[in-house]
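This report concerns only the one structure given below.
The values are calculated or read from the model by the stated rules, or taken from the named source; none is laboratory data. None of these values were measured; they are calculated from a predicted model. Here the Cβ is made from the backbone with ideal geometry for all residues, glycine too, and neighbour counts use every protein chain on show. Accessible surface areas use protein heavy atoms only, side chains included; no ligands, DNA or RNA. Shrake-Rupley method; radii C 1.70, N 1.55, O 1.52, S 1.80 Å.
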Amino acid sequence: MKNTFRILTVFILIVLMSCQESVSNSDEVKSTELPIVESNEIDRVEPPHWWTGLKNQKLQLLVKHPNIGSAEVDISDQGVSLVKVNKADSPNYLFLDLELSKSAKPGKFNIVFKQEDGSELKQTYELKERQKSADEYVGFDSSDAIFLITPDRFANGDPSNDIIQGLKQINIDRSEGYERHGGDLRGMINSIDYIHDLGYTAVWPTPVLINDMPNGSYHGYAITDYHKVDPRIGTLDEYKEFSSKLKEKGMKLIMDQVANHCGLEHWWMKDLPFKDWVNFQEHFEENFENWDWQMVKHSNHRRTTNQDPYASEMDHQGMSDGWFVKDMPDLNQRNPFMANYIIQNSIWWVETLDLGGIRQDTYPYPDKDFMAKWAGAIMTEYPNFSIVGEEWSYNPLLVAYWQDGKENADGYKSNLKSSMDFPMQKAIIDGVKEEESWDKGLVKMYEGLANDFAYVSPKNIMVFLDNHDKSRIYTEVGEDATKAKMALSYMLMLPRIPQIYYGTEILMDDTANPGDHGLIRTDFPGGWEGDTVNAFTGVGLTADQRDMQLFLKKILNYRKGSEAIQTGETKHFAPENKTYVLARYNDDETVVHIINKNDESFELDLTRFEELGLNGKTLKNVITGDTIIWSDKLVLDSTGSYLFTTKI
């Protein structure tokens, strides 16, 4: 009898353990694996979808629907927990705090909203599977050369999307600098071979998200929906295709993002969720009917208030909270829901497009504590990623302030890998333009580079000579192609990440009205059917334009394979006799760049550069292919730049 009882007891224990294991296993299986009835009864949920497997398992959903604020919310998914339901000031919003368990799997689940009248609304939400691990998102660095494009002005690959009925600006007029011209993603996709063959390794298009504004919508910086591609530029699938085809060529896509402001016609401006969603919101709402450039509280643009230990609170607020223009509401990142929204939006695009980097517009203008949090969140998720911030200042101390690792007096830690080198941009242009004297000309470049002591990592600073906001280099140097070559070749030799604007390779200019944005962003010839000049094929280009195109192509493609230029040591010698010598070197190669501003043939004394260890060595001219023996003297036949390498 005792044996029978023992056997029965063991049997019961085995059954119980089996049941417990079954229950445990069922916990690991998401209810989304069971068939669900999909519903889309809510006007808007953002982000539109999310992913499993992220380091940060928290997700905050913005829910927008009439009177949704009074609803009770239920999520019946074992892999997703509803932590908190946050009401907004507007009755038409909810913000749902979710947490994904480590066992959460890709799939769909329903969110149920129970209304006060007993009715229910359902919204199906999807968690997607990540396409690769976080470590595999590798950002741009000093081995890259970046091609900057204004999409509306580069190439029109799909004329059928030029005019989209229902949007607020539907006209196309290529004769007007501030109207839409029709360039698009399909045009950029069709041009990838051209960009690759020039020697670029990354592409930065200015924003392609929708700017449904009544005018000036072509530039992309007045975004009216942070999850939607502008249909006049293309589709999300085309954006993904562009990224994918760049990857096939070994190139990266850098996305231009805007955390500081949105467009006045953004969908939420008609019904702001909180009373502090944008800065000076009360003033805006009180004066909306009479809103114009005189009514708006503009930024004072005093960016030094971020670093100035003596700055008044009034000045700092005026810089950070003021609007750029009347059509660009300044976002309040101090609102925690806005902060989460912007961070999640950036991650959403990294995952969606398989990005190789982010360029963040107007970096000093948003709340700087938020910007540190934003950059930190992205770099924590993607430790090998890259972000560059726009600090439009000619003071290298201000540029250095924003770089990660800088020990700032105020203790600020930015988490930002790269900032933009406006100081060197100015130094190079002044250096090649000015007549030589003790404190002018090439010495500006020499002393500008000496300021690298201020940077934690100079090679992670992004240098450029022109962009979508600055006059083109050809105009800046008085339409002197030789000076443009000096500037470009020097820039491409620096311990930096170089960026070049589309059309620089064919000497595009804004000389007719220097600084005019519409002119700076002129259409790239050959990007439109019927163009009589085609820079893609070379048809109709002048001899100078073809020469510059070939010049840049040779240097960029050489740079692509030269570790000495990409990551090597740097040494330069103070300018003398209208010449300036800079070298980049490692154990395998030395590359020497020489600028000569003498009008006639000049004999350069090479004994001054003995420490480079080149005496008696054979060097090749990267541009011409000719070789020289480095000895006591080198004859520089003409004004210009010379680029030599020990790699034969």
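Listed values, structure above:
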read-out	value
Charged-residue dipole, Cβ positions (Lys, Arg, Asp, Glu), segment 150-290 about Cα centre, Debye nearest 20	540
Antiparallel DSSP beta bridges within the chain, percent to nearest 5	70
Those chymotrypsin sites (Phe, Trp or Tyr not before Pro) in segment 425-455 that DSSP places in a loop and that have at most 14 other beta carbons within 10 Å	Trp438
Rounded tilt (10° steps) of 336-353 against the dominant C-alpha axis of the chain	70
At 1.306 mPa s and 10 °C, Stokes D of segment 555-648 from Kirkwood alpha-carbon radius, µm² per second	118
Between segment 227-306 and segment 481-516, the Cα center-to-center distance that results, in Å	28
Sparse-neighbour loop sites [GluC sites (Glu not before Pro); segment 466-556; at most 14 other C-beta within 10 Å; DSSP]	Glu479, Glu529
Listed residues Leu121, Leu550 arranged by accessible area, highest first, probe 1.4 Å	Leu550, Leu121
Relative contact order computed over the chain (Cα-Cα under 8 Å; 6+ residues apart), in percent	11
Over segment 437-497, relative contact order from alpha-carbon pairs under 8 Å, at least 6 apart, %	38
Cα-centre dipole for segment 275-360 with unit charges at Cβ (Lys and Arg positive, Asp and Glu negative), debye to 20	280
Modelled label reach - Ser70, point 7 Å along Cα→Cβ, segment 83-113 residues with backbone N closer than 16 Å	87-94, 113
Pairs from Lys459/Lys483; Lys84/Lys326; Lys64/Lys132; Lys87/Lys270 whose Cα-Cα separation, in the structure shown, is over 27 Å	Lys84/Lys326; Lys64/Lys132
Residue-level accessible surface for Thr482, protein heavy atoms, 1.4 Å, Å²	60
Per residue solvent-accessible surface (Å²) - the chain, probe of 1.4 Å	43
0 to 90° range, to nearest 10: angle between helix 368-381 axis and the chain longest Cα axis	80
With eigenvalues of the C-alpha gyration tensor scaled by 5 and rooted, segment 357-422, Å	17, 13, 11
Per-residue SASA entry for His572, accessible area with 1.4 Å probe, Å² rounded to 10	50
Net charge of neighbours whose Cβ lies under 14 Å from the Cβ of Asp361, counting Lys and Arg as +1 and Asp and Glu as -1	-3
Rounded to 10°, Cα long-axis angle of helix 543-560 versus longest principal axis of the chain	60
Added length on full extension, which subtracts the Cα-Cα distance from 0.36 nm per residue, Asn171 to Thr567	137.8 nm
About the Cα centre, charge dipole magnitude for the chain (Lys/Arg +1, Asp/Glu -1 at Cβ), debye	1820
